[in-house]
Amino acid sequence: MSGIRNYATNLHNILKEQGIYVGHLSIGTLIERDTEGDPDLIADVWYNQYSSQRYFEAVFPNNN
């Protein structure tokens, strides 16, 4: 997993100057409908991350 994260980080750093967004979402729960890891909830988090493009990386669920 760290290799994929590092690859995404490098892509983000290289491509952001060209206006191309690369982000990373770490999912720390079982993906299963009608649970904390509901795919629709994960999709919403990823879409919001992409739409705002304020940050490269996020963790789901965010238990803060």
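Some observations on this one:
- Of all residues in region 1-55, those satisfying the criterion of being aliphatic (A, V, I, L, M) and assigned to a loop (DSSP other than H, G, I, E, B) are 1, 20, 22, 30, 31.
- Pairs linking a residue in region 40-53 that is farther than 15 Å from residue 12 by Cα to a residue that is not aliphatic (A, V, I, L, M), with Cβ atoms under 7 Å and 6 or more positions apart or on different chains, are 42/60; 45/60.
- Exactly one residue among 31, 20, 27 is out of contact with any Pro (no Cβ under 9 Å at 6 or more places or on another chain) and of a type outside the set (Ser, Thr, Tyr), and that residue is 20.
For (1) at pLDDT below 95; (2) hydroxyl-bearing (Ser, Thr, Tyr); (3) on the phi > 0 side of the Ramachandran plot, each residue gets a yes or a no:
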residue: 9; (1), (2), (3): no, yes, no
residue: 12; (1), (2), (3): no, no, no
residue: 22; (1), (2), (3): no, no, no
residue: 33; (1), (2), (3): no, no, no
residue: 44; (1), (2), (3): no, no, no
residue: 59; (1), (2), (3): yes, no, no
residue: 63; (1), (2), (3): yes, no, no
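- Top-ranked residue of region 43-64 - restricted to ones that are of a type in the set (A, V, I, L, M, F, W, C) and within 9 Å of the chain's Cα centre (by Cα), ranked as surrounded by the fewest Cβ atoms within 10 Å (Cβ to Cβ): 59
The values are calculated or read from the model by the stated rules, or taken from the named source; none is laboratory data. Just so we're clear, the structure is a prediction, and the values are computed from it rather than from any experiment. Neighbour counts are summed over all protein chains in view; Cβ atoms, including those assigned to glycine, are modelled from backbone coordinates with ideal geometry.
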